[in-house]
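Participant: The structure is given below, and queries will be raised subsequently.
The values are calculated or read from the model by the stated rules, or taken from the named source; none is laboratory data. Note that the structure is a prediction, hence the values are computed from the model and not measured. Cβ coordinates were reconstructed from backbone atoms using ideal geometry, including for glycine residues, and neighbour counts include every protein chain displayed.
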């Protein structure tokens with residue numbers, strides 16, 4: 001079976017990336033597991049409470065506990081060190097390619113100086129698609145079906 005792929009097309013007339021298309025391709029199982037374990041360790045080091053056994057199960061552990069992990073991760077982002085997060089974020093973008101306008105030719109985002117992406121929101125959409133390609137389900141659906149409550153918004 002081929003690796004999962006997804007196309008992300010930016011459809012926002014206000015965006016400088018409007019009309020651009022990016023292809024996301026799932027990592028190999030070994031690479032995805034190593035990424036997942038590093039991600040889980042980073043969240044654990046930032047104070048997230050991980051369920052027993054989740055570290056040993058890598059990507060499967062993330063998939064099984066994604067709603068709670070995301071909510072815990074959001075709560076613990078303040079403790080997450082940039083030096084721990086940066087390589088994980090870069091590796092996510094290593095799964096993405098930019099489609100040259102009017103062609104079926106794709107170019108890697110990493111190593112190109114990221115000149116194809118002009119909006120932060122586009123990077124978030126690409127990262128979201130990377131997670132969904134690896135987890136095999138919609139993060140929005142997983143969060144909406146979660147028994148965990150989202151983090152509280154600080155009042156002004």
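Participant: Within the range 23-37, track down each residue that is loosely packed, with under 14 Cβ neighbours inside 10 Å and either within 14 Å of residue 98 (Cβ to Cβ) or modelled with pLDDT under 85 (or both).
Facilitator: Hits for the range 23-37: nothing passes.
Participant: Search the range 78-104 for residues being surrounded by 14 or more Cβ atoms within 10 Å (Cβ to Cβ) and more than 18 Å from residue 130 (Cα to Cα), and hand back the single one that is modelled with the highest pLDDT.
Facilitator: 84
Participant: If you check residue 123 against the conditions, is it more than 23 Å from residue 45 (Cβ to Cβ), crowded, with 17+ Cβ neighbours inside 10 Å and at pLDDT 70 or above?
Facilitator: Details: more than 23 Å from residue 45 (Cβ to Cβ): yes; crowded, with 17+ Cβ neighbours inside 10 Å: yes; at pLDDT 70 or above: yes.
So residue 123 fits the description; yes.
Participant: Residues being in contact with a strand residue (DSSP E or B) (Cβ under 9 Å, 6 or more places away or on another chain) and farther than 20 Å from residue 12 by Cα: count how many of those fall in the range 94-129.
Facilitator: Adding up the residues that qualify gives 9.
Participant: Give the range 126-139 a look and list any residue that's in contact with a helix residue (DSSP H, G or I) (Cβ under 9 Å, 6 or more places away or on another chain) and modelled with pLDDT of 85 or more, or say none. Even if it seems obvious, please write down each step before you answer.
Facilitator: Here is the first cut: in the range 126-139, the ones in contact with a helix residue (DSSP H, G or I) (Cβ under 9 Å, 6 or more places away or on another chain) are 126-128, 130-132, 134-139.
Matches in the range 126-139: 126, 127, 128, 130, 131, 132.
Participant: Have a look at 69, 50, 40 and point out the one that is part of a loop (DSSP other than H, G, I, E, B), surrounded by 13 or more Cβ atoms within 10 Å (Cβ to Cβ) and modelled with pLDDT under 85.
Facilitator: Details: 69 fails: part of a loop (DSSP other than H, G, I, E, B); 40 fails: part of a loop (DSSP other than H, G, I, E, B).
Result: 50 is the single residue among 69, 50, 40 that is part of a loop (DSSP other than H, G, I, E, B), surrounded by 13 or more Cβ atoms within 10 Å (Cβ to Cβ) and modelled with pLDDT under 85.
Participant: Would you be able to say whether some residue in the range 11-22 is touching a helix residue (DSSP H, G or I) at 6+ places or on another chain (Cβ under 6 Å) and at pLDDT 90 or above?
Facilitator: Applying the first criterion (touching a helix residue (DSSP H, G or I) at 6+ places or on another chain (Cβ under 6 Å)) to the range 11-22 yields 17, 22.
Those left that are additionally at pLDDT 90 or above: 17, 22.
Within the range 11-22, one or more residues are touching a helix residue (DSSP H, G or I) at 6+ places or on another chain (Cβ under 6 Å) and at pLDDT 90 or above.
Participant: Let me spell it out: the conditions are (1) over 21 Å from residue 29 (Cβ atoms); (2) outside any loop (DSSP other than H, G, I, E, B); (3) touching a residue at least 40 places away in the same chain (Cβ under 8 Å), and residue 117 meets all of them except one. Which number is the exception?
Facilitator: (2)
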